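Report on the following structure.
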Amino acid sequence: QKEVEQDPGPLSVPEGAIVSLNCTYSNSAFQYFMWYRQYSRKGPELLMYTYSSGNKEDGRFTAQVDKSSKYISLFIRDSQPSDSATYLCAISPDSWGKLQFGAGTQVVVTP
Amino acid sequence: EAGVTQFPSHSVIEKGQTVTLRCDPISGHDNLYWYRRVMGKEIKFLLHFVKESKQDESGMPNNRFLAERTGGTYSTLKVQPAELEDSGVYFCASSQDNGFEQFFGPGTRLTVL
């Protein structure tokens, strides 16, 4: 069983819609949760991180963590074509940063 | 401020040859990480430097891989001899004070023929 499960998609949504992404993880020792965005042929770009259950908002992005269910989510409001990318969840057991990545979900926002 | 840079962007070598990848972290970042993504798989952790010391090298696949960070600045990752299964994209990342704000480079795409 993989440590982090993420549906690879693709997920296609119309412009302006809410994009909903999620990951599940198996080990309750994981304490830090990150979301990265990756455009084609580029490196991953950190969007948000959190280390507690609940919601964290940054502009159009909301990250949600439910440690009891081992479930993390990312919501993108008012999606734009420029949001088309692969979104990767990453988790870590501690602050040292040995990140474990999900497979990444490809998102396509159509005008 | 310059981001993480990696060189070369793409390398094509034959099985059995040696390749050296280079990573220049963001200035002032003590933490430097190497990851790789092989075809169809997730990005996997290889190792973590704090300054010039290896903090965690549990992800290094075998002794054909050698990472160094002399002087605590740039890092190199040498593969010798390269095998077909080493093909993939090698990412470097750096962070300043903690491990959950890592900034990634664009990656080096390695193809072993």
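Quick note: the coordinates plus some simple rules give every number you see, no bench work behind them. A quick note: this is a predicted structure, and the numbers were derived from the prediction, not measured. Note that each Cβ is placed from the backbone with ideal geometry, even for glycine, and that neighbours are counted across all protein chains shown.
Percentage of Cα-Cα pair distances in the protein assembly as shown greater than 21 Å, rounded to whole percent? I get 55 percent for the Cα pairs in the protein assembly as shown exceeding 21 Å.
Which loop GluC sites (Glu not before Pro) in the range B:1-84, with loop taken from DSSP, have no more than 13 other Cβ atoms within 10 angstrom of their Cβ?
B:GLU1, B:GLU14, B:GLU83
Using θ = phi - 60° in the Karplus curve 6.51 cos²θ - 1.76 cosθ + 1.60, the 3J(HN,Hα) couplings for the range B:54-66 round to 7, 7, 7, 10, 5, x, 5, x, 6, 7, 7, 9, 9 Hz; x is entered for Gly and Pro. Run through the DSSP bridge list for the protein assembly as shown and note the antiparallel percent, rounded to the nearest 5. Roughly 90 percent of the DSSP beta bridges within the protein assembly as shown come out antiparallel.
Separation of the range A:62-79 from the range B:54-113 is 30 Å, based on Cα centroids. Its Cα centre serving as origin, the protein assembly as shown has a Cβ charge dipole (Lys and Arg +1, Asp and Glu -1) of approximately 400 debye.
Using the Cα gyration tensor of the range B:5-112, with a ≥ b ≥ c the square roots of its eigenvalues, what is the shape: rounded (a/c below 1.5), prolate (a/b larger than b/c) or oblate (neither)? Prolate.
For A:ALA103, the residues whose modelled amide H falls within less than 5 Å of its own, excluding neighbours fewer than 5 places apart on the same chain, are A:GLN6. A straight Cα-to-Cα reach below 26 Å connects A:LYS67 with the lysines A:LYS2, A:LYS56, A:LYS98, B:LYS41, B:LYS44, residues fewer than 8 places away in its own chain not being considered.
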